[in-house]
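S.K.: Submitted below is the structure of interest, expressed as structure tokens.
Just so you know, all these numbers are worked out from the coordinates, no wet-lab data involved. Note that the coordinates shown come from a computational prediction; the quantities given were computed from them, not determined experimentally. Virtual Cβ from ideal backbone geometry, glycine too; neighbours counted across all protein chains shown.
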Amino acid sequence: MKAAYSMFLFIMFLGVIFITIGTIMASKTGSFLGLSKLQFMELRSKYGIIMMFLILIHLTMNRSIMKKELEILFE
Ligand code: HEM
């Protein structure tokens with residue numbers, strides 16, 4: 001379950017790379033794959049919200065590991 005979720009998150013992360021490169025390319029040349037810089041920025045903000053929730057779920061799933069790491073960090 002956890003492994004499947006991590007894989008899903010990784011695939012969604014490829015989308016982050018795509019939209020980020022798209023935004024940079026559209027900033028330089030005016031458009032990328034038919035989308036303007038503004039359209040990429042709008043897509044990015046919507047995708048960002050989805051990623052925010054997915055990462056929140058990810059953090060919840062890994063909270064016990066994170067708690068242990070924090071204990072080691074501040075021991
Ligand atoms: C978006 C792409 C990401 C992928 C594909 C990913 C994948 C993974 C994987 C495979 C693990 C190991 C799980 C385990 O050991 O059971 C992990 C652990 C963890 N991730 Fe992520 N992660 C991503 C983003 C993030 C982000 C943005 C945060 C923080 C805001 C985060 C926080 C953590 C924490 C706290 C752990 C557990 C601690 C650890 O193993 O060191 N991850 N992640």
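S.K.: Which angle between 0 and 90 degrees, to the nearest 10, do you get for helix 2-29 versus the longest principal axis of the chain when only C-alpha atoms count?
M.R.: It is inclined by approximately 30 degrees.
S.K.: Follow-up. Tell me the angle of helix 37-61 to the major Cα principal axis of the chain, expressed in degrees between 0 and 90 and rounded to the nearest ten.
M.R.: Roughly 10 degrees between the two axes.
S.K.: If you average 1/r across every pair of different Cα atoms in the chain and take the reciprocal, what Kirkwood value do you get, in Å?
M.R.: That comes to 14.3 Å for the chain.
S.K.: Follow-up question, since we're still on this one. Report the relative contact order of the chain, percent, no decimals, based on alpha-carbon pairs under 8 angstrom and at least 6 residues apart.
M.R.: 29
S.K.: Sorted by average packing, counted as other Cβ atoms within 10 angstrom per residue and highest first, what order do 22-29, 54-61 take?
M.R.: So the peptides 22-29, 54-61, ranked by packing, come out 22-29, 54-61.
S.K.: What's the lysine pair count for the chain at a Cα cut-off below 20 Å, pairs eight or more apart or interchain?
M.R.: Lysine pairs satisfying the spacing and distance rule in the chain number 4.
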